[in-house]
Amino acid sequence: MPSLLAGGSLCLLLTLNEFGIILVMGAKDVITLPMLIYSQAIQQFDYPGASVVALCNIALSLALYFVYRGLLARMSA
């Protein structure tokens, strides 16, 4: 079970910040955090709003990274 959690959190961490594929292949109704940041900063010129979403994205990425590292350390010990 810890290996599934570690692998799942690593996959989520890697795909969380994917922007290019979503921009090219994504549907117009799909809104992800990178697309929301892009929309607010570039299209709406809402830099404070884009900064808040970017900080939430960074915090979520760091939290998942530390969960992954903790699970990896627990599995190797």
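The values are calculated or read from the model by the stated rules, or taken from the named source; none is laboratory data. No experiment lies behind these values; they were computed from the predicted model shown. Cβ coordinates were reconstructed from backbone atoms using ideal geometry, including for glycine residues, and neighbour counts include every protein chain displayed.
Specify which of the listed residues (M25, M75) is exposed (fewer than 12 other Cβ atoms within 10 Å of the Cβ) and touching a residue at least 40 places away in the same chain (Cβ under 8 Å).
Exactly one of M25, M75 is exposed (fewer than 12 other Cβ atoms within 10 Å of the Cβ) and touching a residue at least 40 places away in the same chain (Cβ under 8 Å), namely M75.
Yes/no per residue for (1) of a type outside the set (S, T, Y); (2) modelled with pLDDT of 80 or more; (3) within 14 Å of the chain's Cα centre (by Cα):
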{"position": "L4", "(1), (2), (3)": "yes, yes, no"}
{"position": "E18", "(1), (2), (3)": "yes, no, yes"}
{"position": "A27", "(1), (2), (3)": "yes, no, no"}
{"position": "Q43", "(1), (2), (3)": "yes, yes, no"}
{"position": "Y47", "(1), (2), (3)": "no, yes, no"}
{"position": "F66", "(1), (2), (3)": "yes, yes, yes"}
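I'd like to check something: does the range 51-61 contain any residue that is modelled with pLDDT of 90 or more, in a helix (DSSP H, G or I) and surrounded by fewer than 12 Cβ atoms within 10 Å (Cβ to Cβ)?
yes
Restricting the search to the range 23-77, which residues are within 14 Å of S9 (Cα to Cα) and of a type outside the set (G, A, S)?
Result: L60, L62, L64, Y65, F66, V67, Y68, R69, L71, L72.
Can you tell me which residues in the range 1-32 are hydroxyl-bearing (S, T, Y) and either in contact with a Phe, Trp or Tyr (Cβ under 8 Å, 6 or more places away or on another chain) or more than 28 Å from S76 (Cβ to Cβ) (or both)?
Correct list: S9, T32.
Which condition breaks for I31 when tested against (1) part of a helix (DSSP H, G or I); (2) under 17 Å from the mean Cα position of the chain (by Cα); (3) not hydroxyl-bearing (S, T, Y)?
All conditions are met except number (1).
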